[in-house]
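Worksheet: the structure to be examined is printed underneath.
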Amino acid sequence: MFHAYCSLRTKLPDPFYHRLMHMRNQFNAPVRFLLMVFLTLSFASPFFAQSLTTIKGQAKDAKTNESLPYINIQFEGTSLGTTSDIEGKFYLETKEKWDKLKISYVGYKSQIVTIRPGETNQIDVKMEDAAVGLNEVVINQGKYKNKGNPAVELIKKVIAHKDQNRKESLNYYSYQKYEKVEFALNNITEKFRKNFLFKKMQFVFANVDTNKASGKVNLPFFLRETSSDVYYRKIPPSQKEYVRGQRSTIVSSFLDQGGLTNYIDNMYREINFYNNSIDLATVAFVSPLAPIAPNIYRFYIQDTSRLSDADTTPCIHLYFAPREKSDIAFMGHLWVALGDSSYAVRKIEVGVPKDINLNWINELQLVQEYDWVENSDTAAGSGNTKRGLMLTKDDIFMDFGLTQGEKSRSMLGRKTTSYRNYVVNVPLPDSLFKEGDAKILRDDDADKRDETFWSQNRHESLTHREACDYKTTDSLNTSRPFLRFVKWARFLLEGYTPIGGFNVGPANAFYSFNDIEGFRARFGGITNYDFSKKLVLDGYLAYGTKDARWKGYAGARFNFTSKFPNKFPVDQIKVWYLNDIKIPGQELQFVNEDNFLLSFKRGPNNKMIYNQTIGAQYWKENPSGFSYFLTGKNTIQSPAGILKFNYDLGDQLNAQKANITTTEVGVTLRYAPNEQFYQGVNFRVPILNRSPIIEFDYNAGLKGPLDGEYNYHSLHLKAEKIFYPAPFGIADVIIEGGRIIGTVPYPLLSAPHANQTYAYQMEAYNLMNFLEFVGDKYASFNIQWNFGGFFFNRVPLLKKLKWREVITFKSLWGGLDDKNIPNNENGLLKFPTDETGKTVTFALGGQPYMEASVGIANIFKFLRVDYVRRLNYLDHPNVTPSGIRTRIKLDF
C-alpha cells in the first residue's frame with residue numbers, strides 16, 4: 001500500500017511478494033504438498049530472480065542537486081511506469097525484457113536510459129534544464145505568458161465545458177462505492193522496535209511493510225473499509241449516501257471511532273476538480289479548473305495519447321504547476337478528451353510543490369480516473385441515450401510529519417475509492433431522499449457485517465498484510481501493557497485518567513488562582529462505560545484559600561441512546577446543582593474557565609458573582625443537524641469582589657441587596673447541517689466545514705415560582721459561516737443579535753464576551769474588560785480572515801518562513817432602554833463602581849464598540865501573534881488601548 005512505486009502511474013505486479021504470500025497461505029496443506037512447494041521454490045528462486053528486472057533510483061537537478069518530485073519514469077514505447085516520490089525516488093519491477101527507460105519532467109530534457117533486463121539496476125539521474133525547448137512550445141521571449149499559449153486556450157475550453165461534464169448535470173445517478181483508508185507509521189528502525197514501551201508488544205511488528213524505493217519500514221496501525229450506495233437527484237437537488245457496511249481496526253480504548261471517522265472524512269473529503277476550490281487536509285486548494293486557474297497556474301502541453309488501447313478517444317496531456325510555489329495549489333498532470341469535443345477531464349494526477357505553505361504534510365499525491373457511462377434517458381421519456389462522465393477511481397496518499405528528512409518519522413495515510421454499478425438518468429424513488437435526514441445515513445447493523453458481506457462488496461481483495469491488521473488490533477485491545485500505555489496517553493492528551501468506573505480530571509483544572517479566591521484547588525471527574533452506558537454522573541469540589549469558601553458541582557445525565565454523553569446525535573436528560581463563582585462576560589468554548597493558564601490576566605479581575613443553580617435540561621439532536629434544548633433552572637446570584645448589589649429607594653440611599661433570585665425556562669433551537677465532531681471523554685470539538693450554523697435562544701424569567709423576582713423575555717440569534725475563498729485562505733464570519741424585554745437589574749442584562757487574559761480568544765473582545773458593558777439590545781459583526789500566506793508568499797525573504805497573515809474586525813452595537821437605567825424610581829441595582837467610586841460598567845452609546853487586529857500566524861507552525869487595537873471608548877477606566885495577544889493552534 002505505501003510503496004512509493006504505487007503512486008501516480010499504472011501499478012506493476014510484485015512477483016516476489018506474491019510468492020511469499022503463496023508460501024504463507026499453504027501452512028495448513030498436507031506435508032507432502034508443502035515439501036513439494038518448498039523444494040520447487042528453493043530451486044526456482046534463482047531462476048525467477050534472473051528473469052525479474054528491477055529498477056531503483058533517484059532523480060535530481062543537475063545544477064542544484066535538489067531532488068525532483070513526481071518525475072515520470074516509463075519503459076520506452078509503453079504507458080507502463082511510475083512517478084517518483086517527493087524525494088525523487090522511484091522503484092519499478094517487470095518480467096518483460098524491456099531495455100530502455102524514458103525519464104521526463106516538465107522544464108527538463110528527457111533522458112533515455114539503457115537498463116539490463118533480468119538484473120537489478122541502480123539509476124541516479126541528473127536532469128538538465130530544457131528552457132529552450134519549452135520556449136518553442138508555449139513561451140515567447142523566455143517568459144511564460146497566457147496570451148498565445150495553446151495550453152491556456154485549451155484549459156479555458158475545459159473550464160467553459162465544466163457544467164456539461166460534471167456529473168451533477170445529470171438528472172439522476174446512483175452507484176456503489178467501496179472505500180479503504182489506511183494509516184501507517186513510517187521509518188520504523190531497530191532502535192524504535194527495542195523501545196521499552198514495546199518490550200511486551202513485539203507482535204505489532206509482525207505486520208510491517210517495506211518501501212522498496214526508500215528502504216524505510218512502515219508499521220500499519222489503522223485500516224477502515226466502507227461499502228456504500230450513493231443516490232443523486234438534480235431537481236430538487238439532493239444526494240444521499242447509505243453506508244451498508246463499515247469496519248475498522250480502531251483501538252477502542254484509545255480513540256473515538258465516530259470522531260476519528262469524522263476527522264478522516266474531513267481530511268479526505270470527496271474531491272471534485274470541476275469545483276473552483278478543492279477541500280483537502282482541512283484547507284482549500286485552488287482547482288486547476290477554476291476560472292482564475294490561468295492566473296494561478298502555468299500550463300504546458302506535453303503530448304497527445306490514448307489512456308488505453310480500448311479507449312478510442314484521444315487525449316491531450318497537460319502539465320500544470322503554481323506560478324508561486326508557496327501558494328495552496330497543486331502541481332501535476334491532466335488528460336483532456338479531445339476527439340469527442342467534450343473537453344472533459346479523463347484523468348488527473350496531482351501533488352504539491354515542496355515549498356508549499358502547508359504544515360505537517362511532507363508529500364501529497366492524488367489520482368482520479370473518469371469514464372463515460374451510458375444509460376437510457378428514461379426521465380425525459382425520449383429513449384435517448386445520455387452519457388455521464390463518472391469517476392471510476394480515486395486514490396489519495398499523504399505523508400504527515402512534524403519534520404522532514406531521511407531520519408524523520410512520519411505517518412502515512414492513503415484513501416483508495418472505487419466506484420461501480422453506475423445507473424445514470426433512471427428516476428429514483430423519493431423515499432431515498434428523506435427530507436431532514438443527514439447526507440450520510442448508516443444502516444443499524446453497518447458495523448456488524450460478516451466476512452461474507454465484505455467478500456461480496458469489496459471491489460478488490462485485501463492483501464494478506466491488510467487482513468492481518470484486524471488480528472493485530474484484536475491483540476492490542478487485550479494487551480495489558482498497551483492498555484496501560486493508553487491510560488497514560490489519554491491522561492496527557494485529555495486530562496482524564498480512569499480509576500475503575502470513574503475518570504478523574506481534568507488535570508489542567510486542579511489548580512488555578514484569581515483575585516477573589518486566591519489559590520483555587522479543584523478535584524473531580526466523570527463516570528465512564530464501566531459504571532453505566534446509560535447513566536452518567538459528574539462533578540467536582542473546589543476551595544478558594546482567600547475567600548475560604550467551598551464550591552462544587554454535581555450532575556446526572558440519562559442517555560436514551562447507548563452512546564456516551566455528548567456523542568452525536570445526543571438524546572438525553574440532565575439535572576444538576578452548581579455552587580461556584582463566575583466572571584460575568586467570560587464565556588469560553590471548549591476550555592474550562594478555571595484552567596491554570598487562564599489565571600494570568602491583565603488589569604483588575606475583581607468583579608465576580610457567586611452562583612447557586614438548580615437546573616434540568618432535555619437535549620435532542622437529529623442527524624439532519626437540527627437540535628433543541630428545553631431548559632428550566634433556578635439561580636441565586638450574590639456579589640463578589642468589588643461588586644455590590646446597591647440600589648436607591650428614595651431616602652434610603654445605598655440600600656444593599658444580598659442576592660438576586662431568578663427562575664427561568666427556555667428553549668434553544670440550533671441548525672448545523674453536516675456538522676461533525678471529534679469526541680473526547682467529556683468534550684467534543686466540532687470539525688470545520690462549509691455549512692452555516694444558526695442558533696436561536698429564548699428564555700423567560702418567571703416572577704413567583706421558586707422565589708423568582710423578575711418577569712422578562714430574552715432572545716438571542718447567532719449565525720456563523722466559514723468561507724474558503726481560495727486562494728485567499730479562510731474567512732470566519734459571525735453575526736449576532738439579541739433583545740431583553742422587561743425591567744431587570746444589570747446582572748440579568750447582556751454582558752458581551754470580554755477577555756482579560758493574554759491569550760487571543762476568537763469570539764471575545766480581547767481589549768474589553770469584564771462587565772465593562774451591559775445592554776438590553778445588541779447586534780454584533782465579527783470577521784476573522786486568515787489569508788494562508790497569500791501575500792507573504794510573494795515576498796522573497798518571508799515566504800521561506802511560511803508565515804500567514806491574519807486580520808480581524810469586531811464591532812458591537814447596543815444600548816439600554818430608559819426603564820433599565822438604574823434610578824430611585826425603578827429601584828434597579830446601581831452599575832458597579834471601583835474602590836474610588838468611579839463607574840466601571842456602562843451602556844453602549846451612539847457608536848459601536850470596535851476593535852481590530854493584524855497578526856502573523858503559523859510562526860514555528862503553531863504560534864499566532866496578534867497586535868490588537870481598541871478603536872473607541874478609550875476614556876473608560878482601566879482601558880488598554882492596544883496589546884499583543886498570542887494563541888497556540890496547530891493548523892495544516
Set of lysines near residue 167 by C-alpha distance (under 19 Å), chain-local residues within fewer than 8 positions excluded: 157, 177, 234, 240, 347, 386, 393, 439
Under 5 Å between amide hydrogens, which residues at least 5 positions from residue 789 or on another chain qualify, with H placed 1.01 Å from N in the peptide plane? 805
Taking the mean number of other Cβ atoms within 10 Å as a proxy for protection, how do you rank 855-868, 188-201 from highest to lowest? 855-868, 188-201
Quote the relative contact order of region 815-892 in percent (integer), defining contacts as alpha-carbon pairs under 8 Å separated by 6+ residues. 21
Cut-off 17 Å (backbone N to label point 7 Å along Cα→Cβ of residue 826), residues of region 763-781: 773-778
Give the separation of the Cα centroids, region 530-577 to region 811-867, in Å. 33
Amide H to amide H, which residues 5 or more places from residue 283 or on other chains are under 5 Å from it, using H placed in the peptide plane? none
Taking the Cα-to-Cβ direction at residue 655 and at residue 489 and moving 7 Å from each Cα, how far apart do the two end points lie in nm? 6.4
In sequence order, calculated HN-Hα J values of region 271-288 (Karplus, 6.51, -1.76, 1.60; Hz; x Gly/Pro): 9, 10, 5, 6, 6, 6, 9, 10, 8, 8, 6, 6, 10, 10, 8, 6, 5, x
So who's got an amide H within less than 5 Å of the one on residue 570, skipping anything under 5 residues away but keeping other chains? H placed 1.01 Å off N, in plane. 621
Using 1/(1 + (r/R0)^6) with R0 = 56 angstrom and r between the beta carbons of residue 189 and residue 235, what's the FRET efficiency to the nearest 0.05? 0.45
Going 7 Å from the Cα of residue 374 toward and past its Cβ, which residues in region 313-341 have a backbone nitrogen under 20 Å from where you end up? 313-315, 337-341
Inverse of mean 1/r across different Cα pairs in region 772-892, Kirkwood, Å: 17.2
What does the extension gain come out to for residue 444 and residue 791, with contour length at 0.36 nm per residue minus their alpha carbon separation? 120.0 nm
tail above 21 Å in the computed P(r) of region 661-734, as % of all Cα-Cα pairs, reads 51
Run the numbers for residue 890 and residue 614: contour at 0.36 nm per residue of separation, minus the present Cα-Cα distance, in nm. 95.5 nm
Highest mean packing first, using Cβ neighbours within 10 angstrom, the peptides 454-465, 290-301 sort as 290-301, 454-465
For residue 819, go through the lysines and keep the ones whose alpha-carbon is under 16 Å away, minus same-chain ones fewer than eight residues off. 777, 830
Residue-wise, which Karplus ³J(HN,Hα) couplings in Hz belong to region 775-792, taking 6.51 cos²θ - 1.76 cosθ + 1.60, θ = phi - 60°, and x for glycine or proline? x, 10, 8, 6, 8, 9, 9, 9, 10, 10, 10, 9, 7, x, x, 4, 7, 4
Expected output is a single nm value to one decimal: the length gained when fully extending between residue 707 and residue 111, i.e. 0.36 nm times separation in residues minus the C-alpha distance. What is it? 205.7 nm
Taking θ as phi - 60°, what are the ³J(HN,Hα) couplings along region 695-710 by the Karplus curve (6.51, -1.76, 1.60), each to the nearest whole Hz, with x for Gly and Pro? 9, 10, 10, 9, 10, 10, x, 10, 8, x, x, 6, 6, x, 9, 9
Here, residue 163 and residue 325, labelled 7 Å along Cα→Cβ, have an inter-label distance in nm of 3.9
Testing the spin-label approximation: label points 7 Å from Cα along Cα→Cβ at residue 548 and residue 762. State their distance in nm. 4.4
What accessible area per residue comes out for region 406-459, rounded to a whole number of Å², with a 1.4 Å probe? 60
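The values are calculated or read from the model by the stated rules, or taken from the named source; none is laboratory data. It should be emphasised that the depicted structure is a prediction, and the values quoted were computed from it without experimental measurement. Please note: Cβ atoms are built from the backbone with ideal geometry, for glycine as well, and neighbour counts cover all protein chains shown. To get the accessible areas, we keep the full protein, side chains included, count just its heavy atoms, and leave off ligands, DNA and RNA. Shrake-Rupley method; radii C 1.70, N 1.55, O 1.52, S 1.80 Å.
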